[in-house]
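Engineer: Input: one structure, supplied below.
The values are calculated or read from the model by the stated rules, or taken from the named source; none is laboratory data. Quick caveat, the model's predicted, so the values are computed rather than measured. Cβ placement follows ideal geometry from the backbone for every residue including glycine, while neighbour counts extend to all protein chains displayed. Calculation scope for accessible area: heavy atoms of the full protein, side chains included, ligands and nucleic acids excluded. Shrake-Rupley method; radii C 1.70, N 1.55, O 1.52, S 1.80 Å.
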Amino acid sequence: MTRRLIAAGHSVIAYDVSPGACEAIAAQGARIAASARAVADEAPVVFLSLPNPSIVLDTVAGARGILGGRSLRTCVDLSTSGPEAAIRLAAALGERGVASLEAPVSGGIKGAREGTLALMVSGPSAAWAEVRPLLEIFGRPFFMGERAGAGQTMKLVNNLLGACAIAITAEGMTIGVKAGLDPARMIEVLNVSSGRSSATQDKWPRAVLPRTFDFGFATGLCLKDVRLCLAAARSLGVPIGVGTAVCELLERTVATWGADSDFTAMTKVVEADAGLDPSRPP
């Protein structure tokens, strides 16, 4: 995403707690700041792309957060941090006269590289109009309204459905494999039938059939997002039985394969439960 901004002619100043990440961003052509606050001292528009709500809130309102930045006018949170954090973020920034936009993204590393991300945006209309040309460099933004938390809620729904698609596809594919069907032919059939989904169309061909399990999204992050969605559902009084089952499968995947494993590793847990060797092609 940094590379796309720079390629579009924008000057980018960046910061990350990881020296390796800073080196990677600098290699794309960005200047590296000494802290998050130092970014906001120079940049009127600051994008956040961070792992979880607590890190987002600390990066904004912590001891060296952007909230005190001299130049900051608009903060855009690209992270999946949930509606509760978005509401808190909007309140904290609003007290300083800073516009808060949430714009969580979907499309993974490939979408970021190619500029085909979907961005689910909410916040003040004036700020949306200002940053929309920047967001369009990343992909296709959808404005969900001015209410804080709306964009985050949309993203959580999306990620819940994506995780559910992987889980149920893993179960269906395992049934077929145990019955002697060829998995590649199964995917071919599913993708022209009513069982097709983002899992059959993209994740299986790219990461499961070749047994690389490297689609590009960590299981731990997926679990975080599904937990945030369950919390939002509870606050709204929405029963979510299927989502709860998928959350439990993600928890087992983290316990077995680690938080840094790819979320397509859910498949290996389902296969192991069925007596298939997850280390070998089915």
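Engineer: Which of the peptides 234-241, 103-110 is most tightly packed, and how do the rest follow, judged by the mean count of other Cβ atoms within 10 Å per residue?
Structural biologist: 103-110, 234-241
Engineer: Please compute the modelled spin-label separation between ASP58 and SER125, points set 7 Å along Cα→Cβ, answer in nm with one decimal.
Structural biologist: 3.8 nm
Engineer: Please report the relative contact order for the stretch 94-135, taking Cα pairs under 8 Å with a sequence separation of at least 6, and give it as a percent rounded to a whole number. Intermediate results must be reported in sequence, preceding the final value.
Structural biologist: Values: 39 pairs, mean separation 16.8, N = 42.
RCO, the stretch 94-135: 40 percent.
Engineer: To continue, here is another question. Which distance in nm do the two modelled labels at SER71 and THR116 give, with both placed 7 Å along the Cα-to-Cβ direction?
Structural biologist: Placing both labels 7 Å beyond Cα along the Cβ direction yields 3.4 nm.
Engineer: Efficiency by 1/(1 + (r/R0)^6): what FRET value for ASP273 and VAL189, r their Cβ-Cβ distance, R0 = 22 Å, to the nearest 0.05?
Structural biologist: The computed FRET efficiency comes out at 0.40.
Engineer: Could you state the accessible area per residue of the chain in Å², with a 1.4 Å probe and every protein chain left in place?
Structural biologist: Result: 48 Å² per residue.
Engineer: For PHE47, what residues show an amide H to amide H distance below 5 Å, using hydrogens built from the backbone and excluding near sequence neighbours?
Structural biologist: Amide H neighbours of PHE47: VAL76.
Engineer: Sticking with the crude label model, points 7 Å out along Cα→Cβ, report the distance from ASP214 to ALA24 in nm, one decimal please.
Structural biologist: Reported label-point gap for ASP214 and ALA24 is 1.4 nm.
Engineer: While we're here: For the peptides 4-13, 157-166, what is the packing order when you average, over each peptide's residues, the other Cβ atoms within 10 Å and list the highest mean first? Don't jump to the answer; show the numbers that get you there.
Structural biologist: Values: 4-13: 14.3, 157-166: 20.6.
Highest-to-lowest ranking by the protection proxy: 157-166, 4-13.
Engineer: Mind grabbing the accessible area of THR264 for me, 1.4 Å probe, Å², rounded to tens?
Structural biologist: That residue has around 0 Å² of solvent-accessible surface.
Engineer: Another question, if that's okay. How high is the relative contact order of the chain? Use alpha-carbon pairs under 8 Å, at least six apart in sequence, and give a whole percent.
Structural biologist: Result for the chain is 13 percent.
Engineer: At a 1.4 Å probe radius, carbon and sulfur cover how many percent of the accessible area of the chain?
Structural biologist: C and S atoms contribute 55 percent here.
Engineer: Normalised by the number of residues in the stretch 1-76, what is the relative contact order in percent for Cα pairs under 8 Å and 6+ residues apart?
Structural biologist: 29 percent
Engineer: Over the chain, with a Gaussian network built from C-alpha contacts below 10 Å, which listed residue (TRP128, TRP204, TRP257) shows the highest mean-square fluctuation?
Structural biologist: For the chain, modelled as a Gaussian network with Cα springs under 10 Å, the answer is TRP257.
Engineer: Based on the mean of other Cβ atoms within 10 Å per residue, sort peptides 143-150, 224-231 so the most packed one is first. Mind dumping the intermediate values first?
Structural biologist: Values: 143-150: 18.1, 224-231: 21.4.
Descending packing order for the listed peptides: 224-231, 143-150.
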